[in-house]
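A short write-up of the structure that comes next.
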Amino acid sequence: MDGIRRFPPPWRVRRTAGGYCVDTADGITVAYVYFVEGFRRHFDGRALTDDEARRIAAGIARLPELMRRPG
């Protein structure tokens, strides 16, 4: 791609109703991470908690930084 970045850093985490969005510097959303709290979570142990979703979104937002590090 001739060095053109399609999804420029920094990526940011933004809280939304029921989850988190990871946005590029241009405002393009590259990921959604959803969570379930309260009564519904009690019956579906597979759903993420708010904290788990936030940590996963933060990890995704770090990907451009990790890709630039020398091997």
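If you check Asp2 against the conditions, is it modelled with pLDDT of 85 or more, charged (D, E, K, R) and assigned to a loop (DSSP other than H, G, I, E, B)?
Working: modelled with pLDDT of 85 or more: no; charged (D, E, K, R): yes; assigned to a loop (DSSP other than H, G, I, E, B): yes.
When the stated conditions are applied, Asp2 does not pass them.
Name the residues in region 25-44 that are at pLDDT 90 or above, of a type in the set (Val, Ile, Thr) and farther than 14 Å from Pro10 by Cβ, would you? Talk me through it step by step, then tell me what you get.
Filtering region 25-44 for residues at pLDDT 90 or above gives 25-35.
Next, only the ones that are of a type in the set (Val, Ile, Thr) stay: 28-30, 33.
Across region 25-44, the qualifying residues are Thr29, Val33.
Here are Pro8, Pro64: which of them is assigned to a helix (DSSP H, G or I), over 11 Å from the mean Cα position of the chain (by Cα) and either surrounded by 14 or more Cβ atoms within 10 Å (Cβ to Cβ) or at pLDDT below 95 (or both)?
Details: Pro8 fails: assigned to a helix (DSSP H, G or I).
Of the residues listed, the single one that is assigned to a helix (DSSP H, G or I), over 11 Å from the mean Cα position of the chain (by Cα) and either surrounded by 14 or more Cβ atoms within 10 Å (Cβ to Cβ) or at pLDDT below 95 (or both) is Pro64.
State the number of residues belonging to region 47-61 that are surrounded by 17 or more Cβ atoms within 10 Å (Cβ to Cβ) and part of a loop (DSSP other than H, G, I, E, B).
1
The values are calculated or read from the model by the stated rules, or taken from the named source; none is laboratory data. Not measured: the values here are computed from a predicted model. Cβ: placed from backbone, ideal geometry, glycine included. Neighbour counts: every protein chain shown.
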